[in-house]
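Visitor: One structure is given below, represented as structure tokens, and several questions about it will come after.
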Number of protein chains: 2
Amino acid sequence: MKIDQTRLAAMDHRYRVALINSLSGFKSANLIGTVNQTGHTNLSIVSSCVHLGADPALLAFVVRPHSVDRHTLENLLETGYYTVNHVNQDIYRQAHQTSARYPRDESEFHATGLTEDWRGEFKAPYVKEARIGLGLRFREHHPLAINGTEFIIGEIEEIWMDDGLIAEDGFVDLEAAGTVCVSSLDGYHRTTKLTRLSYAKPDRSPVDIE
Amino acid sequence: MKIDQTRLAAMDHRYRVALINSLSGFKSANLIGTVNQTGHTNLSIVSSCVHLGADPALLAFVVRPHSVDRHTLENLLETGYYTVNHVNQDIYRQAHQTSARYPRDESEFHATGLTEDWRGEFKAPYVKEARIGLGLRFREHHPLAINGTEFIIGEIEEIWMDDGLIAEDGFVDLEAAGTVCVSSLDGYHRTTKLTRLSYAKPDRSPVDIE
């Protein structure tokens with residue numbers, strides 16, 4: 001079946017949004033924790049976190065400045081810090097609920113029952129219930145004129161995770177952490193590992209690792 | 001367990017790369033198909049495809065210009081077109097193998113046994129074995145000075161998929177398409193749907209859809 005531009009242009013708006021949001025494939029599911037200068041916290045689910053580089057350790061995500069993500073963006077620009085917390089299968093309902101349009105003075109932590117966790121001197125709140133949490137320092141934002149979104153880049157300053165999740169070679173067992181993934185706007189999925197494959201070389205086929 | 005900056009800085013390079021690549025969560029798995037002006041095709045697996053917007057329908061991905069992705073980038077800049085094809089559970093081994101460093105004149109289609117599929121007038125090759133394929137027109141690239149990567153934005157001009165994958169509301173059943181996801185550099189995973197959740201509103205909890 002082919003959907004061409006004519007058919008795309010004629011689509012109902014909501015249908016189109018659900019469809020196009022499906023097309024990148026499975027997405028990461030993360031909660032971004034921030035606080036503003038007067039101490040109000042914010043928590044926002046994002047499905048656009050993407051690895052940008054290992055050295056420096058950079059993670060990026062996309063924000064729509066006029067959406068419910070607005071407070072997240074304002075806060076991280078104000079303080080320079082934010083946390084990224086993996087959504088796991090025990091908290092995906094609360095995580096989804098953070099996308100509701102709460103008033104500025106109501107923290108999504110409080111509204112959804114997820115727990116603020118302040119660790120050491122880090123200037124943004126972690127999600128206590130997440131098994132993998134990252135502390136990031138804001139580095140760059142690129143406004144994307146093409147559709148008014150912003151591409152936010154941060155550097156990972158600290159990593160928190162349950163013991164035993166990292167294999168000898170640095171690979172993290174996201175399944176053991178219960179990390180879920182997302183499809184389209186609202187599909188939540190567990191995963192089952194097929195395999196890990198060896199580093200690809202031109203002269204041979206990849207083999208299973210482990 | 002906490003990993004701080006001192007520990008991060010002291011890590012073995014490969015360990016660090018595997019670890020940091022794990023931290024964004026599960027990633028999409030796509031094959032990007034291109035051709036250069038003399039007709040040589042190229043196919044490259046990427047795990048950084050991210051939804052950017054529904055109207056216009058925009059998809060973005062990250063390229064390292066000095067890596068094996070180089071030919072993909074050169075080709076799509078030359079012709080202005082590329083395809084994005086979902087990696088499914090029948091082809092993930094061949095898809096992984098496209099990341100080997102083949103010489104410029106050897107197509108990864110030929111080397112891995114995946115089949116070039118030219119559809120209508122579209123100026124880039126699809127992967128015949130993929131059940132979801134997108135035809136994109138290159139729109140923008142943003143060089144990210146922070147680490148020398150490029151953020152590539154394209155507009156979806158056509159969508160090809162097997163019949164029966166789209167629900168009444170536009171949601172695509174990626175599991176029925178066999179689409180896989182990736183963790184770290186080399187982990188491949190199937191998924192199992194937990195549920196779909198209703199649009200979040202401040203005054204009530206989300207309920208399951210379907």
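Readers should treat all values here as calculations from the given coordinates under stated rules, not as data from a laboratory. Computed from a predicted structure; not experimentally measured. Backbone-built Cβ (ideal geometry, glycine too); neighbour counts: all protein chains shown.
Visitor: For B:HIS13, what is the net charge nearby, where nearby means another residue's Cβ is under 13 Å from its Cβ and Lys, Arg count +1, Asp, Glu -1?
Guide: Charge balance in the 13 Å sphere: -1.
Visitor: At A:GLY113, label 7 Å along Cα→Cβ: distances to the other copies, nm, ascending?
Guide: Ordered by increasing distance: 5.0 nm.
Visitor: Any of B:LYS27/B:LYS123; A:LYS123/B:LYS2; B:LYS27/B:LYS193; A:LYS2/B:LYS128 with alpha carbons more than 20 Å apart? Name them for me.
Guide: B:LYS27/B:LYS123
Visitor: Can you give the mean number of other chain Cβ atoms that lie within 10 Å of the Cβ atoms in peptide B:192-203?
Guide: That works out to 6 on average.
Visitor: State, as an integer percentage, the relative contact order of the stretch A:26-209 based on alpha-carbon contacts under 8 Å between residues 6 or more apart.
Guide: Reported as a whole number, the value is 23 percent.
Visitor: Could you tell me which residue out of B:ALA111, B:THR192, B:ASN147 lies farthest along the dipole of chain B toward its positive end? Charges go on the beta carbon: Lys and Arg +1, Asp and Glu -1, centred on the Cα centre.
Guide: Comparing the listed Cα positions along the dipole, B:ASN147 ranks first.
Visitor: Please name which of A:ALA57, A:TRP160, A:ALA29 has its Cα lying farthest along the dipole of chain A towards the positive end, using unit charges on Cβ (Lys, Arg +1; Asp, Glu -1) and the Cα centre as origin.
Guide: So the residue we want is A:ALA29.
Visitor: Just how far, in whole angstrom, is the stretch B:136-210 from the stretch A:160-206 if you go by their alpha carbon centroids?
Guide: For the stretch A:160-206 versus the stretch B:136-210, the Cα centre distance is 17 Å.
Visitor: Which one, B:THR98, B:THR41, B:THR79, has the greatest fluctuation when you compute a Gaussian network model over chain B with C-alpha springs under 10 angstrom?
Guide: Most flexible of the set in this elastic network: B:THR79.
Visitor: Taking a point 7 Å out from Cα toward Cβ as the label site, list the nm distances between B:ARG204 and the same residue in every other copy, smallest first.
Guide: The projected label point of B:ARG204 is separated from its counterparts by 5.9 nm.
Visitor: Give the distance, in whole Å, between the Cα centre of the stretch B:74-135 and the Cα centre of the stretch A:62-94.
Guide: A separation of 34 Å, based on Cα centres.
Visitor: May I pose another question? Between B:HIS142 and B:ALA111, what is the label-point separation in nm under the 7 Å Cα-to-beta-carbon projection?
Guide: Taking the simple label geometry, B:ALA111 and B:HIS142 are separated by 3.1 nm.
Visitor: Okay, moving on. Please give the FRET efficiency for A:TYR199 paired with B:GLN89, using the beta carbon to beta carbon distance and R0 = 22 Å, rounded to the nearest 0.05.
Guide: Efficiency computed from Cβ-Cβ geometry: 0.55.
Visitor: Still on this structure: If you place +1 on the Cβ of every Lys and Arg, -1 on the Cβ of every Asp and Glu, and leave all else neutral, what size is the dipole of the stretch A:26-209 about its Cα centre, to the nearest 20 Debye?
Guide: 520 debye
Visitor: Under the rule a/c < 1.5 gives rounded, and otherwise a/b versus b/c splits prolate from oblate, where does the stretch B:16-191 land using the Cα gyration tensor?
Guide: Here the stretch B:16-191 falls in the rounded category.
Visitor: Please compute the modelled spin-label separation between B:ALA10 and A:VAL207, points set 7 Å along Cα→Cβ, answer in nm with one decimal.
Guide: 3.4 nm
Visitor: Additional query: Find the percent of Cα-Cα distances in the protein assembly as shown that exceed 29 Å, and round it to a whole number.
Guide: Every Cα pair in the protein assembly as shown considered, those over 29 Å come to 41 percent.
Visitor: Between B:ASP169, B:ASP90, B:ASP55, where does the largest GNM mean-square fluctuation fall for chain B, given springs only between Cα atoms within less than 10 Å?
Guide: It is B:ASP169.
Visitor: Here is a follow-up. Between A:LEU197, A:LEU134, A:LEU19, where does the largest GNM mean-square fluctuation fall for chain A, given springs only between Cα atoms within less than 10 Å?
Guide: Of the options given, A:LEU197 has the highest mean-square fluctuation.
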